[in-house]
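Report on the following structure.
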Amino acid sequence: MMYALVLAGGSGTRLWPYSRSSKPKQFLVLSRKDGETQPRSMLQETVDRVLPLIPPSNIFVATGSIYAQMVAEQLPDVPAENIIVEPSGKGTAPCIGLGALHMLRRDPNAVMAVLSSDHVVHHADRLRDVLTIGDRAAGDGHLVTIGIQPTEPSTGYGYIEKGALLQDADSYQMFKVRRFVEKPNEERARAYIDSGEYYWNAGMFIWRADVVLNELESHCPGVAAPLKLIGAAIGSPAEESSLLRHWADMENIAIDVAVMERTAHAAVIPADLAWSDVGDWSALADILPRDANGNTVVGHSVGLDTHNTLVFGGERIIATIGLDDMVIVDTPDALLVCPRHRTQDVKAIVTRLRAQGSRLL
């Protein structure tokens, strides 16, 4: 049976000042569909996408202690016991391993789909198709990742190079993974696109829960050993104390590095999902509707000679004159103004504010 583990512990610093540590982007509404009276947060939309395939009882959410109540409020149909609270951020490998332990207690044959709570997927039907194919492939021992068909030579994503064809069915192909590569420079990214052999790494996976734990044991003892001790106490009175004690010894490492770059069983299913990780304000502008001047407006704005600009605000009117390729984000206590090509630097602003002891985080 298929289960989902939704990762919901990120801080979303690149979408400051709208995204804050007290309520990061996965809990926020970033877009509103026409006629929608109750817009959904990114976390809610993530769960909505898989509900036709995976019932709420099979959906687990991994998050931090300060967000657990928010998860419960936004996902009332997900059982409280399915909200997995990490004592601290330790990377995706420990988080996924902990989720696998909980799923295996319920179902020794559990297949888990790992999804991020703060991504946009416009073609939800295609995602469900890929999850269904991945479910079958996981039963054969494959560790499946979803490769996003690249639309530009992005330097903001890691890439997956495909190897030999493993399967060609149901309008989708599955390839052996030749290698994972880190975020490239622009020249290399363009070469990847031109070759037709590479896909964006979206961090979405499908595998058997027991298989990924075995892979962790083989390739990453710094995660597997503490997990084994934690797993032995799950369901007992010592569960919480064991988690706290052994989590402190856990290696901080991503699942890509811990398993996917080392395993001999990695496979990739390429798919055009109209996907975005909404990694900064410029990325958000790219996925929201634009007016005749290329502007994206959320809230209230009056523009004169303004083009290709994102205006993201609330109730008060934002007036712009003579702007081009800019980002303006207005919140009650902070205002961000920057060129679109500098939106990746918002994280540096957050770092500086943190060093100053600011309360605006």
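Annotations for the structure displayed:
- Estimated 222 nm signal from helices in the chain, with DSSP H stretches of n ≥ 4 weighted -39500 (n - 2.57), rounded to 500: -9000 deg cm²/dmol
- Here's the picture: a label point sits 7 Å out from the Cα of Asn308 along the beta-carbon direction, and within region 324-347 the residues with their amide nitrogen under 19 Å of it are 324-329, 337-345.
- A simple spin-label model places the labels of His265 and Gln149 3.0 nm from each other, with each point 7 Å out along Cα-to-Cβ.
- Mean shadow area of region 177-274 over all directions, Cα convex hull, nm²: 8.3 nm²
- Taking a Cβ cut-off of under 11 Å around Val259, the surrounding Lys, Arg, Asp and Glu residues balance to a net charge of -3, with basic ones at +1 and acidic ones at -1.
- Taking Lys and Arg as +1 and Asp and Glu as -1, the other residues whose beta-carbon sits under 13 Å from that of Arg105 total -3.
- For Glu73 and Asp125, the difference between the fully extended length at 0.36 nm per residue and the C-alpha to C-alpha distance is 16.1 nm.
- Taking every alpha-carbon pair under 8 Å whose residues sit at least 6 apart, the chain reaches a relative contact order of 19 percent.
- Rounded FRET efficiency, nearest 0.05, which uses the C-beta distance separating Val257 from Ala233 and R0 of 30 Å: 0.65
- Once backbone amide H atoms are built at 1.01 Å from N, Tyr3 has Val111, Met112, Ala113 as its partners under 5 Å, excluding neighbours fewer than 5 places away on the same chain.
- Based on C-alpha pairs under 8 angstrom that are at least 6 apart in sequence, region 235-361 has a relative contact order of 14 percent.
- Label of the coordinate-derived value, Cα Rg over 2.2 N^0.38 Å, listed as [x] 1.02; [y] 0.96; [z] 1.07: [x]
- Translational diffusion coefficient of region 281-355 (Stokes-Einstein, Kirkwood radius from Cα pairs, 37 °C, 0.692 mPa s): 259 µm²/s.
- Working value for region 1-132: equivalent-ellipsoid semi-axes of 23, 19, 13 Å, each the square root of 5 times a Cα gyration tensor eigenvalue, largest first.
- Pairwise centroid distance, computed over Cα atoms, of region 322-351 with region 224-272, Å: 37 Å
Here, each number is a calculation from the coordinates, and none is a lab measurement. These figures come from a predicted structure and were not determined experimentally. Cβ sites come from the backbone with ideal geometry, for glycine too, and all protein chains shown count toward neighbours.
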